[in-house]
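Read through the structure below, which is laid out as structure tokens, and then see the notes.
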Amino acid sequence: MHKYWKFGALMAVIVGSLVWLATAGISSSQSYYKTISELNQMGTAAQTHHLRVSGDIKPKSIVKQDGIVKFTLVQDKLALNVAYEGRDPLPDTFKDGSQALADGRMGPDGIFHAQEIQAKCASKYAPKPGMAPDSIQKQVQGSKAAYGS
């Protein structure tokens, strides 16, 4: 009987550890999407949460300095200064005027300290509604010409 008690205690420790690891992983990776106005309304509470903020990159605001990329996100005439301190290279679409998502924490200095940046693809790459991309249209037109259609 004593042997079964030890086995049960060991299983409880293992299952408890797995549950703890799962809940810790979920809560640390949880990220809330906020607009700049919602972030401003949070006040100092924004400093205690891991957040994701979206906006357009203000033209001529991107400055690379000492391994940190500083820029300004704008949305509905509101601005948010961002300092990207992550290790990953910035996306190719990270340019003036493009939309970006900054993932990180609000600092006590009023600057959003991002650990990850995602730049949304510009709309110029997307086809007009109801139309296929140019490359597909050229292929279709080429095949129609080849078959005499």
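Derivation of every value follows stated rules applied to the coordinates shown; laboratory data play no part. Everything numeric in this text was worked out from a predicted model, so none of it was measured. A quick note on method: Cβ atoms are made from the backbone with ideal geometry, for glycine too, and the neighbour counts reach across all protein chains shown.
Points worth noting:
- ³J(HN,Hα) computed for each position of the stretch 83-99 - Karplus, 6.51 cos²θ - 1.76 cosθ + 1.60, integer Hz, glycine/proline x: 10, 8, 10, x, 9, 6, x, 6, x, 4, 7, 7, 9, 3, x, 7, 7
- Order of HIS50, HIS2 under a 10 Å beta carbon neighbour criterion, fewest first: HIS2, HIS50
- Evaluating 6.51 cos²θ - 1.76 cosθ + 1.60 at θ = phi - 60° for every residue in the stretch 11-19, the Karplus couplings come out as 5, 5, 5, 5, 5, x, 5, 5, 5 Hz, glycine and proline recorded as x.
- Modelled label reach - ALA119, point 7 Å along Cα→Cβ, the stretch 89-106 residues with backbone N closer than 12 Å: 89-101
- In order through the stretch 53-61: 3J(HN,Hα) via Karplus (6.51 cos²θ - 1.76 cosθ + 1.60), integer Hz, x for Gly, Pro: 10, 10, x, 9, 6, 5, x, 6, 9
- Near the amide H of GLY107, within less than 5 Å, lie the amide hydrogens of PHE112, HIS113, all on another chain or at least 5 residues away, with H placed in the peptide plane.
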